[in-house]
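Heads up, the thing below is written out as structure tokens.
The values are calculated or read from the model by the stated rules, or taken from the named source; none is laboratory data. For clarity, every value in this text was computed on a predicted model and none was experimentally measured. So basically every Cβ, Gly included, is an ideal-geometry build from the backbone, and we count neighbours across all protein chains shown. With ligands, DNA and RNA removed, areas are computed over all heavy atoms of the protein, side chains included. Shrake-Rupley method; radii C 1.70, N 1.55, O 1.52, S 1.80 Å.
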Amino acid sequence: MSIEQLARDNVRALTPYQSARRLGGKGDVWLNANEYPTAVPFELSQQTLNRYPECQPKAVIENYAAYAGVKPEQVLVSRGADEGIELLVRAFCEPGRDAVLFCPPTYGMYSVSAETIGVECRTVPTKADWQLDLPAIADSLANVKVVYVCSPNNPTGQIINPQDFRTLLEMTRDKALVVADEAYIEFCPQATLAGWLAEYPHLVILRTLSKAFALAGCAAALRWRMKR
Ligand SMILES: Cc1ncc(COP(=O)(O)O)c(C=O)c1O
């Protein structure tokens, strides 16, 4: 039996995630990865690489909370937003029973994470104006534990109507988490849902330091190092 055959069926059936880099192309500015276009100088202030990093670093949490206008206890640090996407599936979805829902066209990692773990992906395509099809979502929520909504959306750039977010949050109350993926919120900071966290305990907001903060390589290096 080959090693490939030992892998779980759902892992063998996976379509590999196509990162912006893998899709190819030439040049120095990678708009489809939304990386910061220039290298920003960073320096290590101490020789701490012999130690495992603190998993919830206080200084990062406090500074990010101040930046985002939330309380430090509302912030959880992960190795990139991608790890946050996967942790939510692992923590809230029972493989073979629960589902995640998202609205294509949208970010590819929601399906990769769910499929790797063996959790059903339910999709409700956006309407012609790239906004949420709320009646169709309402009809598709059975067994859904996590709803991912990317705003501004990758790849359309669409900001989801705040009123539609409210309707979605009301229809999912006590049933499912709503995850607002705000990886691109620095393009439109006023559209953040951060101020709604107190009102909706089932709202999760994903942010990243990979884009506007020019740290894509740092998150990737941490992920690589800690997975060894
Ligand atoms: C919408 C969206 N969410 C999350 C991520 C992942 O971000 P990170 O680099 O923090 O894992 C990306 C990366 O391209 C993205 O486009």
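Points worth noting:
- Taking first residues from the stretch 25-43 that are at positive phi and partners that are modelled with pLDDT of 80 or more and within 16 Å of the ligand (Cβ to nearest atom), the Cβ contacts under 7 Å between residues at least 6 apart in sequence or on separate chains come to Asn34/Tyr184; Asn34/Lys211.
- Put simply, of Leu134, Leu203 the only residue that is in contact (Cβ under 8 Å) with a residue 12 or more places away in the chain and farther than 19 Å from Ile85 by Cβ is Leu134.
- Here Val77 clears all of (1) within 16 Å of the ligand (Cβ to nearest atom); (2) open to solvent by less than 70 Å² (accessible area, probe 1.4 Å); (3) not in a loop (DSSP other than H, G, I, E, B) except the condition numbered (3).
- Residue count for the stretch 10-37 under the criterion of being hydroxyl-bearing (Ser, Thr, Tyr), farther than 30 Å from Glu73 by Cα and open to solvent by 90 Å² or more (accessible area, probe 1.4 Å): the result is 1.
- Annotation: of all residues in the stretch 130-172 being among the polar types (S, T, N, Q) and surrounded by 18 or more Cβ atoms within 10 Å (Cβ to Cβ), the one that is farthest from Gln190 (Cα to Cα) is Thr172.
- For the stretch 102-137, a tally of residues being acidic (Asp, Glu) and under 16 Å from the mean Cα position of the chain (by Cα) returns 1.
- So Lys71, is it at pLDDT below 95 and of a type outside the set (Asp, Glu): no
- Filtering the stretch 38-56 to residues that are within 18 Å of Arg79 (Cβ to Cβ) and modelled with pLDDT of 80 or more leaves Arg51, Tyr52, Pro53, Glu54, Cys55, Gln56.
- Test: Leu177 is out of contact with any Phe, Trp or Tyr (no Cβ under 9 Å at 6 or more places or on another chain) and either more than 12 Å from the ligand (Cβ to nearest atom) or free of Cβ contacts under 8 Å to residues at least 40 places away in the same chain (or both): no
- Residue match in the stretch 48-64 (condition: open to solvent by less than 60 Å² (accessible area, probe 1.4 Å), of a type in the set (A, V, I, L, M, F, W, C) and touching a residue at least 40 places away in the same chain (Cβ under 8 Å)): no
- Members of the stretch 90-117 found to be touching a strand residue (DSSP E or B) at 6+ places or on another chain (Cβ under 6 Å) and open to solvent by less than 50 Å² (accessible area, probe 1.4 Å), listed by number: Cys93, Asp98, Ala99, Val100, Leu101, Phe102, Pro104, Thr106, Tyr107, Tyr110, Ser111, Ala114
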